[in-house]
Amino acid sequence: MTALRSGPRTARLRPRAAPRDPARRHGGWTPWLYLAPALAVLGALLVYPIYQLGLISFLEYTQAQVSGGQPTTFQGLGNYATLFGDGEFWSVLLATVVFAAACVLATLATGCALAVLLTRVRALPRLALMLAGLGAWATPAITGSTVWLFLFDPDFGPVDKALTALGMSGFADFSWTYDRYTAFALVLLEVVWCSFPFVMITVYAGIRAVPAEIVEAAALDGASAWRIWRSVLAPMLRPILVVVTLQSVIWDFKLFTQIYVMTDGGGVARQNLVLNVYAYQRAFASSQYSLGAAIGVVMLLLLLGVTLVYLRLLRRQGEEL
Amino acid sequence: MHLSARLAAAGAALALTALTATACAPATSDGAAGGDSRTGTLRVWLFREVGNAPKEKVVRQAVADFTAAHKGVKVTVDYIPVDTRAQRVKAAFNDPSGAPDVIEYGNTDTAGYVADGGLADVTKEFGAWSEAKDTDPTARRSVTVAGKIYGAPLFVGVRALYYRTDLFEELHLRPPATQDEMAAAARKIRAAHPEMYGLAVGGAYTYGALPFLWSAGGALATEKDGAFTAAVTTPAARKGIAAYTGLFGDDNCPAAKCAGMNGNDTVTAFAAGRAGMAIGGDFNHRAVEAGKVKGEYGVVPLPGRKKGEIAPAFAGGNNIGVLRSTSHRTLAVDLMKRLAGKETQRGLFDAMGFLPTFTDIRAAAAKRQPYVKPFVDTLDAGAEFVPAAPGWATVDASLVLPTMYQQIVSGRKSVDAAATEAAHAMDGAFHK
């Protein structure tokens, strides 16, 4: 980031300092030349689809238009009006934001805590924890969701049986997916289970790169584990934490499989809908691509906004990334 | 998960780019009718069923008969997975060059496919087909949109009441003749066996719930000059909705467990011996036979409100249609008639248990396999069908009806409020 930023700045200043040297002026284009292949790929894979997404969101574009049954018509902001006029959209959006935030916080807390734990245990337990994490990570979302659902099944699941055996008779035949909040909590557990390994391993790698003397010095000064994390490790791991946080925000905001599988397409009376499942049911499953595109644009803007605000906050705290 | 999500995102981006790289505006197929060549290769897409080999054998025979009658014509048959059929069929509509000439499709998709401009109008040929006079009226409705016919019915699927003979004997019950008797029997079973459901019902089991609505005299929607209007708020419809939602509760099927169940869940519960009764289809027969309750169950038509009545069942099933983009129209229509003809339907029943749509073939089938009799009786009493409106796909995909039932069952909304909301959502989809 620093190198990139200083590039154009010096390029702008140089010509004034040495206006007689024409070769220097061309130096301003050199970085762009090197970037060209990457920009071309990004342009093709990112900008063009986004342009199409935006374009489709202003049209009436359903299966009938795609297969030529009806002409494509321009709708202006019609799709957005439909979307924003739907009361369910707003409640789903709120639920998605709160749920994604809870998932991100829980994932980060679990991942970081276990990463610190990894650095403090012996080789064998470390290997076991790593394998458990990798196993969870490697499990396909559909499989993981189905297994979790089975574990918490009111008729056959071992969790209810175990809780009942421990004397909590309220959990006999308890249905976790019936109440809105227990259903969300169940999905949250599954999401944390399958996403903490990424955080854990990335942060663990980061901690390993921190010179041992610094941590030792802090420990010698009598700092607790929490204090070492807060005052030594976390500041040093800041770039890594930023990346895993942003990744988690994006992944958890776009959650689909877990909700779709575990709550059977959005829960009893659609109480557990999140934005992606809502988009699928409202738009894609019935081939209303233009409405789906409008939802896609809204999600894109939201995620961009969250990312920018987050980066801004970090910058304001003083450090460049 | 993350890796796959990213791969999927990258794949979607690539697909989008590939799709649209040639034009600035989103792609639109010209979808025009493609001509009427009398030689060449015909392509057919059929659904791949669980245990597909017997189906393939019957189809091979039908195709052999067809090619024997048309020299110089070849037929290739592909079996497509049922799970991804929607994408495959849409892709075929979008790109006629890779599209088949003849397809099998689910009968609830008819109106949507017609609105998409994908299926060819075969009204004339169907009318002139000698075998078509025996097609049962409900099956004919499932290929009809706004008075025109878009295919030939291949088979129907219909649901009836499965019940446990051993429990009924133990509790001195008779197979229920009315819905009230059925509810009473369900409560009696639950009272005697608290670990079981009396009658397993599901909040997401639309096709199990609709017979109650229809038998009360209600309808999902009414049609006037091709325009559909939701009818779930009529007094008769509300009575039928309440009759079904009344079955949820601790005395039969607790809402906490049953609100989220779908049709498969209720049949699984019955097959595993956890329910005294369940509403299951002829297509569930094998699953129940393979379950714990084998030899301990019977099937009767789902009773209506009064003695002697049968609640109208939903007539699901598949059709065979010709694509509008085919370049072999006459040949494709002929192949359709052979694939959905009496000979093939007889063979498919014996091979796969698919109920024929021709009344005479069906009656003969019921004689050979007595287990289908209650299902045939149900069909003969008159079955119902979802509205043939292009917007029905939207209603179906956005789970309007399961949401309505679940709102009532979970106590969030009254019957009136939930039905009003559902009607609003349906009208929104119909009038788009």
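The values are calculated or read from the model by the stated rules, or taken from the named source; none is laboratory data. Predicted model only: the values in this text are computed from it and were never measured. So basically every Cβ, Gly included, is an ideal-geometry build from the backbone, and we count neighbours across all protein chains shown.
Tabulated data for the structure shown
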quantity: Residue check for residue A:222: away from chain B (no Cβ under 14 Å), among the small types (Gly, Ala, Ser) and in a helix (DSSP H, G or I); calculated: no
quantity: Residue that is modelled with the lowest pLDDT [pool: residues in the range A:129-160 that are of a type in the set (A, V, I, L, M, F, W, C) and assigned to a loop (DSSP other than H, G, I, E, B)]; calculated: A:156
quantity: Filter result (under 31 Å from the mean Cα position of the chain (by Cα), more than 9 Å from every other protein chain (Cβ to nearest Cβ) and modelled with pLDDT under 65) within the range B:11-58; calculated: B:33
quantity: Those strands (runs of 3 or more DSSP E) lying entirely in the range B:200-318 with at least 3 residues of a type in the set (A, V, I, L, M, F, W, C) and crowded, with 20+ Cβ neighbours inside 10 Å; calculated: B:275-281
quantity: Of residues in the range B:86-128 being polar (S, T, N, Q) and closer than 18 Å to residue B:36 by Cα, the one farthest from the other protein chains (Cβ to nearest Cβ); calculated: B:123
quantity: Residue tally, condition exposed (fewer than 14 other Cβ atoms within 10 Å of the Cβ) and of a type in the set (A, V, I, L, M), over the range A:267-321; calculated: 8
quantity: Hey, residue B:335 closer than 13 Å to residue B:156 by Cβ, in a helix (DSSP H, G or I) and in contact (Cβ under 8 Å) with a residue 60 or more places away in the chain or not; calculated: no
quantity: Strands (runs of 3 or more DSSP E) wholly inside the range B:102-169 containing at least 2 residues that are under 24 Å from residue B:360 (Cβ atoms) and not basic (Lys, Arg); calculated: B:152-157
quantity: Residue in the range B:148-167 that is surrounded by 20 or more Cβ atoms within 10 Å (Cβ to Cβ) and over 24 Å from the mean Cα position of the chain (by Cα) present; calculated: yes
quantity: Flag if residue A:227 is farther than 16 Å from residue A:79 by Cβ, charged (D, E, K, R) and out of contact with any Asp or Glu (no Cβ under 7 Å at 6 or more places or on another chain); calculated: yes
quantity: Those helices (runs of 4 or more DSSP H) lying entirely in the range A:228-283 with at least 3 residues within 11 Å of another protein chain (Cβ to nearest Cβ) and farther than 22 Å from residue B:259 by Cβ; calculated: A:238-253
quantity: Tabulated pairs, the range A:161-176, first modelled with pLDDT under 85, second of a type in the set (S, T, N, Q), C-beta under 7 angstrom, 6+ apart or interchain; calculated: A:172/A:164
quantity: Every pair of residues 6+ apart whose Cβ atoms lie under 8 Å, when the first sits in the range B:403-432 and is more than 9 Å from chain A (Cβ to nearest Cβ) and closer than 13 Å to residue B:239 by Cα while the second is of a type in the set (Lys, Arg) and buried (at least 17 other Cβ atoms within 10 Å of the Cβ); calculated: B:415/B:238; B:416/B:238; B:419/B:238
quantity: Positions within the range A:73-85 being without any contact (Cβ under 8 Å) to a residue 60 or more places away in the chain and closer than 17 Å to residue A:283 by Cα, in sequence order; calculated: A:77, A:78, A:81, A:84, A:85
